[in-house]
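Report on the structure given below.
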Amino acid sequence: MKSLTTVSRIFSLPQTAYGLLVGSTMLTLISCSPGGETENPQRETQANPKPEVITEKQAPSTLVASIEVTNPSTFVREKSPLYFSYAELGLTADSAQAKILAVKNADNIVQSQAIDNDSDGAPDGLAIAVDLNAKEVVNLAVVADATAAQTSFPSYTQAEISHKEGGQWVAHTKSEGFKEYVGGNFINVEKLSPPAHYTDHSNWIRYEGPGIESDKVGYRVYLDWRNGFDIFGKKVSDTILQGVGQDGYDSYHEMQTWGLDILKVGSSLGAGAFGRWDGKKIHAISKVSQRTASITNNGPIYSSFNIAYRGWEVNDKTLDISSEISMVAGSRLARNRLTFSDTPPTLVVGVVKHPDTEFIASSREVPGDAFIYIASWGKQALSEDMLGMAVFIRKRDAAGLVEAKSSYATAIKTAGNIADYYFAAAWQGEHNKGVATKEAFVDYLNQVQHELNQPPRIRLKTALSQQAKAQPMTAEQALGWSKKLADSELKRKTLKYYNGGWDTNRRRVPVFEYDIIGILPTAYDKLAEVTGDAKYAEVLPKITGSFIGDDGSIAKYSEDKYNIDWVAPGVAVLRLYKRNQEEKYKIAASHLRQQLENHPRTSEGAFWHKKKYPWQLWLDGVYMGMPFFAEYLSLFENGEHLEEVVKEFTLTRKYLRAPETGLYYHAWDEKKQQPWADKETGLSAEHWGRGMGWLSMAVVDVLDFLPQDQPELRKPLLDITEEIAATLVKYIDSETNTWWQVLDKPNHPGNYRESTASAMFTYFFAKAVNKGYLPEPYKQVALDAYQGLINEFINVHPDGSISMTNQCLVAGLGFGRLGDYDYYMKERVFQNDPKGNGPFIFSGIEIYHLLK
């Protein structure tokens, strides 16, 4: 199932701006007969329209896309893996151009490969392996070029499975009730389902299961009740699996010219397998009705196989599991993407616990989406030398270490019935110069962790997108871009955010969140007001309205948490009330007003960000609470207490603004006790783009509700508006007219032009000019910023949909988030997230009014 909702950098870098679909892949099971049939022909694919015929006029190299790739690290990244779906490149999978793609760096051909990312049997994108020097910026061109596409490169990866034919089944000499295979020769196949009488050491499957390798290391998975993951240590960089085990089981347990099987798995998880935890013991995925292994990709820089486990019997129910294991060139990492047909029991992942080995774990003081690792080190290779093994998993998905006899393991969470992790092995004998000391192994682990948490920064420009942006900007075009993103998200995920639905990017059932329940439905409603289109007007009651009970109660909301983020949807609730004055919406809004009445505050009266973030004033919180507060006071309290709203801004300016630059810090801790807070000032360390974006939107939105006949009430916010405008102009990126993730460090490693902040600032300038809060000269700033937003961050797809790219998914402070520069570089880079989509729609509407 293909989607453009949440995509990720390929292979070792999941869920970032361009690449592998993880969060919404549906479980697909392969149909095989119970008798153990195999399939060797081409996998079935869906019928496609007749492909285009390449003519002589098409033969010359045609530019499809340009890609700027930046290494955010201070070390070299060899064969750094990238992936772009055909849709992201502006192509359909069945187009003539998609079939002849090549990648160039100046006059050099860069290794690439068409891959099947969703394992449906048809290629859906392009993988690229690019060498990056420390902090290097590399410019790539994706071209349709039949000659360049035929360039030969070395093969660095391989996936395969093979079984014997030409012999016969006889009674198993060791396992009663099972059979083993005698005679015959091995053949490689695309798909294999062992028959019911197959078990371990049946001599039918070469090295007992599917295998996969890179130029660094190889792995195999036992396709039987053990479900163990084993390691082939490699002394050479060439692909070697095709020759392993051709003469039986014994040879690869002895040193060969290529290396050997280096791990004793036993009853453990081996080199990174998954299993079930019953609270006392780890159980393998043993009792299944059928296992089917399929080779889904077998190419020079990316290979993968899938194991479909049918009918896993556990806890009085039966589940199906899909396990997709992949590797890329130049890496020891193997990625395992698990999908379950229903909620699984508690699962664990880990590595074998051999005697005299040392357990290693990374710090958990990292953001929730960042990768952490558990590992073992010691003299545990069957070659009697050193071997390190590790599992890398996102902190949010790690449920805690378990005390198991045979394995070092962590329990894992399976939000949305999926799980995603990596495993790796580093052997002393690798290429005869492998990892030989614990210190070197820990250095390797930390470098991999850094690479997973800070993928290459990408700027993608496609021919299709550039063509769509070629016309001069008009009012109707600006509104059209808002409509296009709104329409695209209606198809992708907007209507899933209802009470009881699914929050795609957070991978959980929706709660009363500021973005999915507040900002985005409000954006659709504003769009409906301008366009008159009913489909936009329907979003607000379907999403925000679904959380409001007939009695005015609010689902998935709790006042006593005093979370100011949960006040933000109040703006959308008020819009519902103003439609037809339904009492339930007024009651719901009054609950949020009551929260603000009781909400804890700093000593001078600024709202705490949350009860669990005591004494802290965040830029985010000003937007989350004050627009609703101001509108509620205007609607129901005759504008009394509006001075409290203004005070929130003046206190924010007092404590968070840096007078020397005019930029605002992300947060301030009055008690100066938080790990991220400066011990003298209480301030966090950096000027985060979206943090200041929240403030800028808040000030122009709140001014809507400050009476014109009270100039003394309005003046502080008008002054702040002028200050912010003057400051933002100084920090705009002159090349693109956009803004950076960390506003004042454009040239630091890893920093990137960030779209959500850029959309917020564009909205700020356009609305402020429209409302007369800023003078006429700022009109051109707004127009340039909007054009930059479109040029830099909007990607047009062949089906007419669009995506908004390079969005910081989330950022905060505390609970492992230290607020230093490195922290803001670790947070995931996404596309099509409501925190950016809403402001983008807002900005297009304001530019429409500005040009109208």
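The values are calculated or read from the model by the stated rules, or taken from the named source; none is laboratory data. Bear in mind that the values here come from a model prediction, so they are computed numbers and not experimental data. Every residue, glycine as well, gets a Cβ built from its backbone with ideal geometry; the counts of neighbours run over all protein chains shown. Heavy atoms of the whole protein, side chains included, go into the accessibility calculation; ligands, DNA and RNA do not. Shrake-Rupley method; radii C 1.70, N 1.55, O 1.52, S 1.80 Å.
Tabulated results
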read-out	value
Added length on full extension, which subtracts the Cα-Cα distance from 0.36 nm per residue, Ala411 to Asp278	46.8 nm
Cut-off 12 Å, label 7 Å out along Cα→Cβ of Asn432, residues of segment 235-258 by amide N	235-237, 257-258
Å³ per residue enclosed by the Cα convex hull of the chain	174
Dipole of the chain, positive direction: furthest Cα of Ala436, Asn227, Val69, with charges on the beta-carbon	Asn227
Linear extension gain, Gln242 paired with Glu254, 0.36 nm per residue minus alpha-carbon span	2.6 nm
Relative contact order %, segment 653-756, counting alpha carbon pairs below 8 Å whose residues are six or more apart	20
Length released on extending from Ala171 to Val137, taking residue separation times 0.36 nm less the Cα-Cα span	6.1 nm
FRET efficiency for Glu538 and Glu476, using Cβ-Cβ distance with R0 set to 25 Å, rounded to 0.05	0.60
Positive-end residue of Met473, Gly532, Tyr557, charge dipole of segment 454-570 with Cβ unit charges	Met473
Prolate/oblate/rounded label for segment 53-131 (Cα gyration tensor, a/c 1.5)	oblate
Contact order normalised by residue count of segment 369-430, Cα under 8 Å, 6+ apart, percent	34
Computed E for Lys852/Asp107 - FRET, C-beta separation, R0 41 angstrom, nearest 0.05	0.30
Area accessible to solvent at Met386, 1.4 Å probe radius, in Å²	40
Computed magnitude of the charge dipole of segment 325-373 (debye, nearest 20; Cβ of K, R +1, Cβ of D, E -1)	180
Lys, Arg +1 and Asp, Glu -1 on Cβ, resulting dipole of the chain about Cα centre, debye, nearest 20	560
Rough spin-label spacing in nm, given labels placed 7 Å along Cα→Cβ, for Gln708 and Thr74	5.6
Sum of side-chain charges, Leu527 neighbourhood, beta-carbon under 14 Å (Lys, Arg +1; Asp, Glu -1)	-3
Spatially proximal aspartates and glutamates relative to Lys526 (Cα-Cα < 17 Å; intrachain offsets below 8 disregarded)	Glu476, Asp487, Glu489, Asp515, Glu538, Glu631, Asp701, Asp704, Glu846
The chain - percent of accessible surface contributed by carbon and sulfur, probe 1.4 Å	48
Accessible surface, 1.4 Å probe, highest first, among residues Ser155, Ser95, Ser286	Ser155, Ser286, Ser95
Set Lys287/Lys413; Lys433/Lys461; Lys174/Lys353 screened for pairs whose C-alpha atoms are more than 32 Å apart	Lys433/Lys461
Around Asn203: net Lys/Arg minus Asp/Glu count, Cβ-Cβ under 14 Å	-3
Solvent accessible area, Å² - Trp618, 1.4 Å probe, full protein context	10
Segment 409-524: relative contact order in percent, alpha carbon pairs under 8 Å with at least 6 residues between	16
Shape category assigned to segment 595-674 from the gyration tensor of Cα positions, a/c cut at 1.5	oblate
Rounded to the nearest 10 Å², the accessible area of Lys586 at probe 1.4 Å	70
Residue pairs, from the table Lys483/Lys771; Lys578/Lys835; Lys280/Lys556; Lys535/Lys610, whose Cα atoms sit over 29 Å apart	Lys280/Lys556; Lys535/Lys610
Whether segment 477-585 is rounded, prolate or oblate, judged on the alpha carbon gyration tensor where a/c under 1.5 counts as rounded	oblate
Accessible area per residue in Å² at 1.4 Å probe, computed on the chain	37
